[in-house]
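The values are calculated or read from the model by the stated rules, or taken from the named source; none is laboratory data. What you see is a predicted model; the values in this text were computed from it and never measured. Cβ atoms come from the backbone with ideal geometry, glycine included; neighbour counts cover every protein chain shown. When the accessible area is computed, the model is the full protein with side chains, heavy atoms only, and any ligands, DNA or RNA have been set aside. Shrake-Rupley method; radii C 1.70, N 1.55, O 1.52, S 1.80 Å.
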Amino acid sequence: MSVFAPHRSPLPPAHPTRGRHVWAGVALAVAAVGILAVGGSTLRASNAPSTSPPGSLSTSSSTSPSSSSTSPSSSSSASSSFRFLPLWPFADVQGAVAWQQQALPGGHQPWRLDAGTVAVSFATDLLGYPEVDRATSVRISGDEAWVGVGSPPIEGRQVAAGVLHLARIGTGELATRPWEVVGSDDTTLTLTTPRYGAVVGSPLVVGGRISGIDESLAVQVRTPDGRVLGRLAGLGAGGADRPWTATLALDVRSGGLAVVAVSTGGHLRQVERFAITGVRVRPEASVPVTYPTADGALASTVARGHYVGACSAIAARAAGATATGTERVCSVLLTESGARHLYRVGYWRTDAGYYVVLSRTAAGRWQVVAANLAGQDVPADLGGPLSSAGSGGAAG
């Protein structure tokens, strides 16, 4: 039996079902408390430099606005500068101005003027959270907005998975400036490392604090155009105001702005809470990390404690066993080209996985070149692009 079915997902499931860990009644109660706490004051942090929205609790900022920024009025004109990181949908002020001049007069893409629609589109289209499909609240103050976004109601109760921070971008009257996602306002799941606007490379250390029970965190780093620079799933966490941390290998072949997002879920929804921040990726900020073995390098791309080695070794140990071992992550060496080696990494006996490229140095140590690749992103010298897991899988 093949270890991996045809490739359909670029990484292991973000939040594997965990019903076997807690019986359904407890999971329902705990998840409900965790989701409702998004609107509370616990662990409150803001991943964008701003003031608090009207009627909200005060928030802490990871950075401070530029000293040259001023509070806009409804009739003021924006300068070419923008006091936040423009995360989505525009890359910069110039792009927003171009939309105002070319699309707005003809009535094209009017959704960009609606803060709620922009926030929901960011969650579904860029972050890949299809269940987060509606705005649960919208608060606007001047040229800023705080939008709660969430999934369909559970037992008649509508809750927010996260609160996104938006700001008007462009020039001219406020009403003609489109909305831009610039950060998030966080409570029981925070993302405080790296700090907002930090210059980062690979590997990237991420972290924050969380309150909850039996949580499974998924972290992703994406460019504003949707390209995945790195992903990590299945990071166990929980407790009351407990720290969490992880290290990701990033594809830093090109620099620019990137969105870092962390989410947790799996009790009632795939994504029940999430937080984001913005960073600047610079290849020169990377610090090469090497490992004495290929397994050590592969383990660095997986949540701590989940990677167990080559799938062939698991197959040998599991011969005749009935346990599926879906929590275990293993690897298959598919091909190599010179010092570069292509591995398929995924959960044992599932079709969820991704590809990792390792390079062996002259000193015999191993380095992660690219991680969490989808099949279409596999380099040509290693047989890519791929549409499936390929051959060479171990027998289960």
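Numbers at a glance
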| item | result |
| --- | --- |
| Under 19 Å from the residue 254 label point (7 Å along Cα→beta-carbon), backbone N, the stretch 343-386 | 370-381, 385 |
| Size-normalised alpha-carbon gyration radius of the stretch 169-282, reference 2.2 N^0.38 Å | 1.14 |
| Whole-angstrom gap from the stretch 220-267 to the stretch 129-195, using each part's C-alpha centre | 19 |
| Cα-based shape type of the stretch 203-350, given that a ≥ b ≥ c are square roots of the gyration tensor eigenvalues and the cut on a/c is 1.5 | oblate |
| Against the rule of thumb 2.2 N^0.38 Å, how large the Cα Rg of the stretch 156-230 comes out | 1.40 |
| Nearest-10 value in Å² for the accessible area of residue 306, using the 1.4 Å probe | 40 |
| Length-normalised contact order for the stretch 216-272 - Cα pairs under 8 Å, 6+ apart - percent | 42 |
| Using alpha carbons only: equivalent-ellipsoid semi-axes of the stretch 94-214, gyration tensor based, whole Å | 28, 20, 13 |
